[in-house]
Amino acid sequence: MARYRNAQGQEMPENSEETRLYRDDRGRWWVRIGLHNHRVSIQALGGGKWDVRVDGVADQWSVRGVREVLMEKMGIEEGVAAQSKELRAPMPGKVLEILVEEGQSVEEGEAMLVLEAMKMENVLRAASAGVVGSIGVSAGNAVEKEAVLISMAD
């Protein structure tokens, strides 16, 4: 019978209600939850995706950073934002500062506007390189989600 150890190497009692990870002599990984063992395997598929199996049941997981999680919560699709010629408000808020001027050239990722939302200052950046066509807001304006803030010239 396999013996289980915690992260500090201490042997665990068999009736523990804690969850622990264990690797057996054959290199297989197990998760012990209370009195039950569950076989676990994880395989990288590339592109931040992983095949995760628990007791033979497969699922695909993807690794996402904080940025991706926040964009999903705000309903923003990154591919669509990158193709757009407009900088839109990702959420309702108040324009604190406009960092560009009409006719100014900007590079991809350059800061264009500061929007206060949920008591946080959010720097909105250019999705692609281009020239600022028109600015549709002023500092101090309250804006709704999806409001056009800055339009890029064609």
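The values are calculated or read from the model by the stated rules, or taken from the named source; none is laboratory data. Source: prediction; values computed, not measured. Using ideal geometry, Cβ is built from the backbone for each residue, glycine included, and neighbour counts are taken over all protein chains shown.
Just a few scattered comments:
- Looking across region 53-94, the residues that are at pLDDT 85 or above, surrounded by 12 or more Cβ atoms within 10 Å (Cβ to Cβ) and outside any loop (DSSP other than H, G, I, E, B) come down to R53, V54, E86, L87, R88, G93, K94.
- So G140, is it assigned by TED's automatic domain parsing to the domain that holds R88, over 18 Å from R67 (Cα atoms) and surrounded by 13 or more Cβ atoms within 10 Å (Cβ to Cβ): no
- Filter pass, A129 being of a type in the set (A, V, I, L, M) and at pLDDT 95 or above: no
- Residue that is nearest to the chain's Cα centre (by Cα), among those in region 95-143 that are of a type in the set (S, T, Y) and in a loop (DSSP other than H, G, I, E, B): S128
- Contacts under 6 angstrom Cβ, first residue in region 35-61 being of a type in the set (S, T, Y), partner assigned to a strand (DSSP E or B), 6 or more apart: S41/R53
- If the condition is being out of contact with any Phe, Trp or Tyr (no Cβ under 9 Å at 6 or more places or on another chain) and under 21 Å from D59 (Cα atoms), then region 29-41 contributes I33, H36.
- From the list E17, E11, the one residue that fits, being more than 30 Å from V131 (Cβ to Cβ), of a type outside the set (A, V, I, L, M), modelled with pLDDT under 85 and touching a Gly at 6+ places or on another chain (Cβ under 6 Å), is E17.
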